[in-house]
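Working notes, beginning with the structure itself.
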């Protein structure tokens, strides 16, 4: 069973409990010697590592790791700080914005996002697209092809998370027209695409503007301050 490791906790001396997601479930399992640098299991002590595991049920609360094979590791990107910081945003969003029982719904998206970063897809595009998927898992759906109030496709001037998507000039209301046309088109692609490599590379100005939109909404709606944003935007 392939899983993505999300978090690690100490459990009796050098053992650890790993929390992970598979395609079908969120799960936790016991790993013997996880915190022993000489252990054959030490490589699992890294969140966002993807592994193929076999578990065995023994006495105790958690199933035990029987064996594993490494699929991919975030440390393959060690030399690229931008991509490593992007991984931290993906991980923080998964852990803080989605309840544990529903995190497995993001398995394929998280796997695709990590793979996209590995092959050199623009980190800004990957982060924004993944955040859009996180909001979708939480039940937030936004109008990205027409005005969310009247349905017109003409004179679209703003995007508002709070109003449910794009707004035309007539129904702008208290929302701010604080994104350029190019930025709004990028935002439509972020919400509308299902392939991470399909989003064009963003310049830093456009990426920062869209990330600020997401950051503000996440703070207001989830009460979460995404600390990884600070490093990612540097």
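The values are calculated or read from the model by the stated rules, or taken from the named source; none is laboratory data. Everything numeric here is computed off the predicted structure, so don't read it as measured data. A quick note on method: Cβ atoms are made from the backbone with ideal geometry, for glycine too, and the neighbour counts reach across all protein chains shown.
If residue 73 satisfies every condition in (1) out of contact with any strand residue (DSSP E or B) (no Cβ under 7 Å at 6 or more places or on another chain); (2) within 16 Å of residue 23 (Cα to Cα) but one, which is the exception?
Only one criterion in (1) out of contact with any strand residue (DSSP E or B) (no Cβ under 7 Å at 6 or more places or on another chain); (2) within 16 Å of residue 23 (Cα to Cα) is unmet by residue 73, namely (2).
Has region 134-144 got any residue that is out of contact with any strand residue (DSSP E or B) (no Cβ under 9 Å at 6 or more places or on another chain), assigned by TED's automatic domain parsing to the domain that holds residue 82 and over 21 Å from residue 97 (Cα atoms)?
Taking region 134-144 as the starting set, the residues that turn out to be out of contact with any strand residue (DSSP E or B) (no Cβ under 9 Å at 6 or more places or on another chain) are 134-140.
Subsequent filtering for residues that are assigned by TED's automatic domain parsing to the domain that holds residue 82 retains 134-140.
With over 21 Å from residue 97 (Cα atoms) added as a condition, the list becomes none.
No, region 134-144 has no match at all.
Which one of the conditions (1) surrounded by fewer than 20 Cβ atoms within 10 Å (Cβ to Cβ); (2) out of contact with any helix residue (DSSP H, G or I) (no Cβ under 9 Å at 6 or more places or on another chain); (3) touching a residue at least 12 places away in the same chain (Cβ under 8 Å) does residue 107 fail to meet, given that it meets all the rest?
Result: residue 107 fails condition (1) only.
Residue-wise test of (1) loosely packed, with under 15 Cβ neighbours inside 10 Å; (2) in contact (Cβ under 8 Å) with a residue 12 or more places away in the chain; (3) under 19 Å from residue 108 (Cβ atoms).
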site: 21; (1), (2), (3): no, yes, yes
site: 39; (1), (2), (3): no, yes, no
site: 69; (1), (2), (3): yes, yes, no
site: 88; (1), (2), (3): no, yes, no
site: 93; (1), (2), (3): no, yes, yes
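Inside region 181-204, can you point out the residues that are over 16 Å from the mean Cα position of the chain (by Cα) and more than 24 Å from residue 169 (Cα to Cα)?
198, 200, 201, 202, 203, 204
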